[in-house]
Amino acid sequence: MQLFDTATQSHTPMRISSPALMHAYGITRYGSAHLEHAFTFLTYDLLQRRLEDLGACVRMVRNVADVDEPIYVKTKQLGAHCLDLARTESAEFAPVMQALNSQRS
């Protein structure tokens, strides 16, 4: 398998090790799941599935993003607490990804 290396602007053979460690920067927690989220996580999902197909044990994690100024602005607009908004948006994200047949990470 080859990946495109933006630093060298060339395709580079990927050395597959096991466990293969992957990290996807998390979704925003102040707005509903949208196409950009789906594209990002489905791309990681495809890579994870391919690595597993090649025999690697994959450890994939994603974090919670944007727990900073934008969430405070949005919660002020909504009159909500930032943790409540983050929980709501997180809960709405999981079924969207499940409907797209994305593996859980």
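Given the residues R59, R87, which is the only one that is open to solvent by 60 Å² or more (accessible area, probe 1.4 Å) and farther than 17 Å from H23 by Cβ?
Numbers: R59 fails: farther than 17 Å from H23 by Cβ.
Just a single option satisfies the conditions, and that option is R87.
Could you list all residues from the stretch 27-64 that are part of a strand (DSSP E or B) and modelled with pLDDT of 75 or more?
Matches in the stretch 27-64: V58, R59, M60, V61, R62.
As an exercise: evaluate P95 against (1) modelled with pLDDT of 80 or more; (2) touching a Ser or Thr at 6+ places or on another chain (Cβ under 7 Å) and give the number of the one condition it does not meet.
Among (1) modelled with pLDDT of 80 or more; (2) touching a Ser or Thr at 6+ places or on another chain (Cβ under 7 Å), the lone unmet condition for P95 is (2).
Report the residue count in the stretch 65-81 for those that are assigned to a helix (DSSP H, G or I) and either open to solvent by 60 Å² or more (accessible area, probe 1.4 Å) or modelled with pLDDT of 80 or more (or both).
The number of residues fulfilling the criteria is 8.
Would you check if I16 is modelled with pLDDT under 85 and either at negative phi or open to solvent by less than 60 Å² (accessible area, probe 1.4 Å) (or both)?
Taking the combined requirement at face value, the residue does not satisfy it.
The values are calculated or read from the model by the stated rules, or taken from the named source; none is laboratory data. None of the values given here were measured: they were computed from a predicted structure. Glycine also receives a Cβ, built like all others from the backbone with ideal geometry; neighbour counts cover every protein chain displayed. In case anyone asks, the SASA skips ligands and DNA or RNA and just uses the protein heavy atoms, side chains included. Shrake-Rupley method; radii C 1.70, N 1.55, O 1.52, S 1.80 Å.
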